[in-house]
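For reference, the structure is listed below as structure tokens.
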Amino acid sequence: PPFGRGPPGTSAWEASYRDLMATQTITVDNFQGTIDKPGIVVLDFWGNRCMPCKMFAPVFEQVSQDNLDIVFGKVCTDEQPELAQALEIRAVPTLMVFRDGILVYRDEGAMPKKAFTQLVDEARKLDMDKVKAEVEGQTKEN
């Protein structure tokens, strides 16, 4: 579709934003299958009327283009309220990073490109054997 056009009821900004994104759209239907994939999955929970989300969108896209071996996904909380509720998303933007199916980072708020790039680099450096052992230890305690 021409730039700025989308389904009925879609704002011009939202349609333009989606046309430019190289990331996956995450829904309640594909969430579990996406995070269960081996490797790193970075999810951005955003909202249509969220100005910080709009400002963070180009940063998210740039970092996704610089890290093509990582899955980057967007969750529109306006369109996926049941997923946002299940994950207790209280504010947007919220970033979640999964590695090998384990949540390794979650925080609210946008971040500058340098900080976001550092976050991705830290996710790459994680000793997943150690992380899995810690998770298994917490599971046994509960």
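The values are calculated or read from the model by the stated rules, or taken from the named source; none is laboratory data. Since we're looking at a predicted model, the values are computed, not measured. In this analysis, Cβ positions are derived from the backbone assuming ideal geometry, glycine residues included, and neighbour counts consider all displayed protein chains. The accessibility values were calculated without ligands, DNA or RNA, using every heavy atom of the protein model including side chains. Shrake-Rupley method; radii C 1.70, N 1.55, O 1.52, S 1.80 Å.
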Residue tally, condition assigned to a helix (DSSP H, G or I) and of a type in the set (A, V, I, L, M), over the range 30-62: 5
Name the residues in the range 117-142 that are among the β-branched types (V, I, T) and either open to solvent by 40 Å² or more (accessible area, probe 1.4 Å) or farther than 18 Å from D69 by Cα (or both), would you? T117, V131, V135, T139
Close pairs (8 angstrom Cβ cut-off, 6 or more residues apart or separate chains): within 17 Å of L119 (Cα to Cα) in the range 34-52, open to solvent by 20 Å² or more (accessible area, probe 1.4 Å) and among the hydroxyl-bearing types (S, T, Y) anywhere: D44/T23; F45/T77
Taking the stated definitions as given, is V75 within 16 Å of T23 (Cα to Cα), in contact with a strand residue (DSSP E or B) (Cβ under 8 Å, 6 or more places away or on another chain) and either open to solvent by less than 90 Å² (accessible area, probe 1.4 Å) or touching a residue at least 40 places away in the same chain (Cβ under 8 Å) (or both)? yes
Looking at (1) within 18 Å of G39 (Cα to Cα); (2) without any contact (Cβ under 8 Å) to a residue 24 or more places away in the chain; (3) over 15 Å from the mean Cα position of the chain (by Cα), which is the one condition that is false for V131? (2)
Cβ-Cβ below 8 Å, separation at least six or inter-chain, first residue in the range 93-116 and without any contact (Cβ under 8 Å) to a residue 60 or more places away in the chain and over 20 Å from D69 (Cβ atoms), second basic (K, R) and open to solvent by 80 Å² or more (accessible area, probe 1.4 Å): which pairs? T94/R106; E108/R90
